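Reading through the structure tokens given below for one structure.
The values are calculated or read from the model by the stated rules, or taken from the named source; none is laboratory data. This is a predicted model, so every value here is computed, not measured. Cβ placement follows ideal geometry from the backbone for every residue including glycine, while neighbour counts extend to all protein chains displayed.
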């Protein structure tokens, strides 16, 4: 069992670290001021096992247990920026809560976040971290991310934080007209894609090569 920390004495230090991380991401091409502000204000260290907390503000992906990772901050920021490219979405569906770090960024950018996680123990830990940040506009579900969250649809935007072998049809169907899906697609080679719904058709754009853990169907306790 990994140990996590919520030591308030690290608050000022993590604030400075978050601001420095946001500055670094800006130099790497992240330009959305809201996204950079959310990165600056988010204590990434609380979403990591205590043994890795010293690496929390490095621009790198890190393990969080159960074969999963907390995404590289650049990718978190890039995907968030892509979701906001056509304006501020009122609601966002996140597939793959993981540590909850991406969730915390999204919660600062929209009215409501709906987040689905297939691994129950990760979801439990993410809830603790998000409560520590005093974020209350997040609903969480333990379930199969390939199926989305139909009862809460439609969504203005959907983000998938794991690599899908193909684009899940259920997620396309749960977008509003004009809504966008940001998703890494592929197995050996993954490409970050933006899918925009245009009535009953979908426009697809490729962004860049990425590397994510696979989007696995089903649930796990």
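Here is a list of conditions, (1) in contact (Cβ under 8 Å) with a residue 40 or more places away in the chain; (2) under 19 Å from residue 142 (Cα atoms); (3) in a helix (DSSP H, G or I), and residue 64 meets all of them except one; can you say which number that is?
It is condition (3) that residue 64 fails.
Since residue 108 meets every condition but one in (1) touching a strand residue (DSSP E or B) at 6+ places or on another chain (Cβ under 9 Å); (2) at pLDDT 95 or above; (3) surrounded by 14 or more Cβ atoms within 10 Å (Cβ to Cβ), which condition does it not meet?
(1)
Looking at 218, 143 in this structure, which one is in contact (Cβ under 8 Å) with a residue 60 or more places away in the chain and either within 21 Å of residue 87 (Cα to Cα) or surrounded by fewer than 16 Cβ atoms within 10 Å (Cβ to Cβ) (or both)?
Among 218, 143, only 218 is in contact (Cβ under 8 Å) with a residue 60 or more places away in the chain and either within 21 Å of residue 87 (Cα to Cα) or surrounded by fewer than 16 Cβ atoms within 10 Å (Cβ to Cβ) (or both).
With (1) at pLDDT below 95; (2) surrounded by 18 or more Cβ atoms within 10 Å (Cβ to Cβ) as the list, and residue 138 as the residue in question, which single condition is left unmet?
(1)
So which strands (runs of 3 or more DSSP E) stay within the range 111-221 end to end and still have 2 or more residues that are more than 24 Å from residue 43 (Cα to Cα)?
Numbers: elements: 112-117, 138-142, 155-160, 175-185, 190-198, 201-210.
It comes to 155-160, 175-185, 190-198, 201-210.
Tally the residues that are within 18 Å of residue 123 (Cα to Cα), at pLDDT below 95 and in contact with a helix residue (DSSP H, G or I) (Cβ under 8 Å, 6 or more places away or on another chain), restricting the search to the range 49-62. Even if it seems obvious, please write down each step before you answer.
So in the range 49-62, the residues within 18 Å of residue 123 (Cα to Cα) come out as 49-50, 62.
Next, from what is left, pick out any that are at pLDDT below 95: 49-50.
In the following step, the residues that additionally are in contact with a helix residue (DSSP H, G or I) (Cβ under 8 Å, 6 or more places away or on another chain) were identified as none.
So the count comes out to 0.
Just to check your reading of the model, which residue among 100, 178, 96 is on the phi > 0 side of the Ramachandran plot and surrounded by fewer than 20 Cβ atoms within 10 Å (Cβ to Cβ)?
Numbers: 100 fails: surrounded by fewer than 20 Cβ atoms within 10 Å (Cβ to Cβ); 96 fails: surrounded by fewer than 20 Cβ atoms within 10 Å (Cβ to Cβ).
Selected residue: 178, the only one of 100, 178, 96 that is on the phi > 0 side of the Ramachandran plot and surrounded by fewer than 20 Cβ atoms within 10 Å (Cβ to Cβ).
Kindly establish whether residue 114 is within 22 Å of residue 215 (Cβ to Cβ) and over 15 Å from the mean Cα position of the chain (by Cα). Spell out the reasoning first.
Values: within 22 Å of residue 215 (Cβ to Cβ): yes; over 15 Å from the mean Cα position of the chain (by Cα): no.
Judged against the criteria, residue 114 is not a match.
Just wondering, is there one or more residues in the range 43-51 that are over 27 Å from residue 146 (Cα atoms), without any contact (Cβ under 8 Å) to a residue 24 or more places away in the chain and assigned to a helix (DSSP H, G or I)?
No, because not a single residue in the range 43-51 is over 27 Å from residue 146 (Cα atoms), without any contact (Cβ under 8 Å) to a residue 24 or more places away in the chain and assigned to a helix (DSSP H, G or I).
Restricting to the range 67-79, name every residue that is touching a residue at least 40 places away in the same chain (Cβ under 8 Å) and either touching a helix residue (DSSP H, G or I) at 6+ places or on another chain (Cβ under 8 Å) or not in a strand (DSSP E or B) (or both). Spell out the reasoning first.
Residues of the range 67-79 touching a residue at least 40 places away in the same chain (Cβ under 8 Å): 67-69, 71, 73-75, 77-79.
Residues satisfying the conditions are 67, 68, 71, 73, 74, 75, 77, 78, 79.
Filter the range 149-161 down to the residues that are surrounded by 19 or more Cβ atoms within 10 Å (Cβ to Cβ) and in contact with a strand residue (DSSP E or B) (Cβ under 6 Å, 6 or more places away or on another chain), then identify the one that is farthest from residue 77 (Cα to Cα).
Filtering the range 149-161 for residues surrounded by 19 or more Cβ atoms within 10 Å (Cβ to Cβ) gives 149, 155-161.
Among the residues that remain, those that are also in contact with a strand residue (DSSP E or B) (Cβ under 6 Å, 6 or more places away or on another chain) are: 149, 155-160.
Values: 149: 24, 155: 20, 156: 18, 157: 15, 158: 15, 159: 12, 160: 13 Å.
This residue is 149.
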